[in-house]
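Asks: Please see the structure below; I have some questions.
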Amino acid sequence: MAHRLRAIWPPILIAVIFLGSWQLLVFVQNIQPYLLPAPSLIFTNFFSDVSLMWAAAFYTGTTAFLGLMFGTLFGLVLALFAQRLAIVNNLVTPLAAGLAAVPIIALTPILNNMFNITSRTPRVLVTMIIVFFPVFVNVTRGLIQVIPVQLELMRSMNAKPSTVLRLLRIPNAIPFFFTALKIAAPLSVIAALVSEYFGGPQEGLGSRIASAAANTAYGRAWAYVVASIITGLLFYLVVLAVERWAAPWTGQSRSA
Amino acid sequence: MSDTSVNVTGIWKIFNEGLPNEVTALQDIDLTVETGEFISLIGPSGCGKSTLLRVIADLTGPTRGQATVAGMPAAQARKDQRYGIAFQQAALFDWRSVRRNVELPLELQGWSKDRRRTRAMELLEMVQLADFAEHRPWELSGGMQQRVAIARSLAVDPPLLLMDEPFGALDEMTRERMQNELLRIREETGKSIIFVTHSIPEAVYLSDRVVVMSPRPGRITDIISVNLGSRTEDTREAEGFFNAVTAVREALRGRGPGSSEARSRIGEI
């Protein structure tokens, strides 16, 4: 427990110092809220409208969660197909680099036209596409990059390809999968949030930030930003917890 | 059961045959290993000793020639699990407990859970790791991991054990302990063993015969019989041991008896 505390207090201390100096700076320099609101103003707004914050976070969080689920599923299925094709082996890395450059979020207006703009669908789709790539690329890599000697071992035991997949490739890919999820989970919240900037239902964090800013309610806009950060962090922490539980060998020195 | 554990006749292994970067990894190899015999393959890097082991294991096919294990073609022997194999890397699965790593070959053979467990515990008992059965591989030292790998290679009780520098990554003290352990296991199980190594004392201490190989092209230049009786720690300091070490060293330098061809190539080594 003492060990845990030692690990926790430095980031807390830094957060306190950071917020303290921010508050001091705004106060001393008399900075206007439209430039930079003081932390005290942001938190006052946050707590006075906490139920609104929660509702908006729930809306955007649901979009993010749906996109994360479908995108992950899609990525996993395609990765399973891809590892069977030898050519993918050499394609995965350049593919990853190339796809990272596609401005997927800019597809939202197009998807809004293709699907019903008043529904959640276009946003879920955008989130899904964004989640798909890191999951697909990382999991494919995990399925392919098996230590050669482990493959030889499986061959020496006359294992069928499907057995190699089940007993070696899939477990080998699990740490890669969680690496992808740790990137994808907070990203899904950002994608869901930004996709709200292109019209459609106004209940989410993105819409709320935009409308608060448009109404010069900067404290409230920033309060929604805080709610967004908390949502993204929550997604990340859930993934982290699942990883600890499901793949405790991750990050250990390889014994292979 | 035949008296011959492994029979290799006229094996060639040529990589990139017909291309400018052609490499003859194995040139016309003949080798017979009797049942219960301990054979070491020794030679400098690139002499094809690991390739020869992999041909016997049917992990790679020969370009020409054939290998039989327990009287059947190598491919069939692999399918029937007539050998166990251990590599320089323990190649344990991090996501499995030590016990379940040992169970792996049994699982592939379709053994029931209870039988698997009993057999794995028996083997862990033999390599003196029963207390670590439920540990994860990464919690074990290198020597312990290698003992798990050896237990795994013995799981289906194959008559032949193939070992590719299994102690290569261990420190000298651990290494000598592991050698004694291996000889004890061999005593208990009566396995035939083919053991690839870089270390002359290791080859001499463990083997009934040391097969000396040389590179470019990879071939057998000498086979040295070692008659030291049953090994104890004193064996390592016995005169016969040093003589055998010297004989192997000379053979590796191409000055051994019966290696006239090698003798003319001293300058190359």
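No lab work stands behind these numbers, since they all come straight from the coordinates. Please read these numbers as outputs of a predicted model, since none were measured by experiment. Please note: Cβ atoms are built from the backbone with ideal geometry, for glycine as well, and neighbour counts cover all protein chains shown.
Asks: Which ³J(HN,Hα) values, rounded to whole Hz and listed in residue order, are derived for segment A:150-166 from phi using the Karplus coefficients 6.51, -1.76 and 1.60 in 6.51 cos²θ - 1.76 cosθ + 1.60 with θ = phi - 60°, glycine and proline given as x?
Replies: Running phi through 6.51 cos²θ - 1.76 cosθ + 1.60 with θ = phi - 60° gives 6, 5, 4, 4, 4, 5, 4, 9, 6, 7, 6, x, 5, 5, 4, 4, 6 Hz.
Asks: In debye, nearest 20, what is the charge dipole magnitude of the protein assembly as shown about its Cα centre with +1 on Lys and Arg Cβ and -1 on Asp and Glu Cβ, if you could check?
Replies: Using Cβ point charges on Lys, Arg, Asp and Glu, the protein assembly as shown gives about 1400 debye.
Asks: Over every pair of different alpha-carbon atoms in segment B:1-158, take the mean of 1/r and invert it; report that Kirkwood radius in Å. All intermediate terms of the calculation are to be shown ahead of the outcome.
Replies: On the way: mean 1/r = 0.0581 Å⁻¹.
Evaluated over segment B:1-158, this radius sits at 17.2 Å.
Asks: Please list, by residue number, every one of the GluC sites (Glu not before Pro) in segment B:103-169 that is coil in DSSP and has at most 16 other beta-carbon atoms within 10 Å.
Replies: B:E134
Asks: Additional query: Could you pull the Cα extents of segment A:37-246 along its three principal axes, largest to smallest, in whole Å?
Replies: 69, 37, 24
Asks: Shape of the protein assembly as shown from its Cα gyration tensor (a ≥ b ≥ c, root eigenvalues): rounded if a/c is under 1.5, otherwise prolate when a/b > b/c, or oblate?
Replies: Because a/c hits 1.5 or more and a/b exceeds b/c, the protein assembly as shown counts as prolate.
Asks: Right, something else. Would you work out which of B:L26, B:V55, B:I11 lies farthest towards the positive end of the dipole of segment B:1-91, given +1 charges on the beta-carbon of Lys and Arg and -1 on that of Asp and Glu, about the Cα centre?
Replies: Among B:L26, B:V55, B:I11, the one farthest towards the positive end of the dipole of segment B:1-91 is B:V55.
Asks: Another question, if that's okay. Give me the Kirkwood hydrodynamic radius of chain B, using the inverse of the mean 1/r over all pairs of distinct Cα atoms, in Å to one decimal. Can you show the working numbers first?
Replies: Numbers: mean 1/r = 0.0520 Å⁻¹.
The answer is 19.2 Å.
Asks: Out of residues 5 or more away from A:A247 or on other chains, whose amide H comes under 5 Å of its own, with H placed 1.01 Å from N in the peptide plane?
Replies: Counting only residues 5 or more places away or on other chains, the set is empty.
Asks: Taking the convex hull of the alpha carbon atoms in segment A:95-163, what volume per residue do you get, in Å³?
Replies: Looking at segment A:95-163, the number lands at 107 Å³ per residue.
Asks: Out of the DSSP beta bridges found with both residues in the protein assembly as shown, what percent are antiparallel (nearest 5)? All intermediate terms of the calculation are to be shown ahead of the outcome.
Replies: On the way: 21 of 39 bridges.
Beta bridges within the protein assembly as shown, antiparallel portion: roughly 55 percent.
Asks: May I pose another question? Sum -39500 (n - 2.57) across every DSSP H segment of at least 4 residues in the protein assembly as shown, then divide by the residue count to get the 222 nm mean residue ellipticity, nearest 500.
Replies: Details: 20 runs with 286 residues, N = 525.
After summing the helix terms and dividing by the residues of the protein assembly as shown, the value is -17500 deg cm²/dmol.
Asks: Can you give me the long-range amide H partners of B:D222? Hydrogens built in the peptide plane at 1.01 Å from N, cutoff under 5 Å, separation of 5 or more residues or another chain.
Replies: HN-HN under 5 Å from B:D222: B:V212.
Asks: Among rounded, prolate and oblate, which fits segment A:180-234 when a ≥ b ≥ c are the square roots of the eigenvalues of its C-alpha gyration tensor, a/c under 1.5 means rounded, and a/b larger than b/c means prolate?
Replies: oblate
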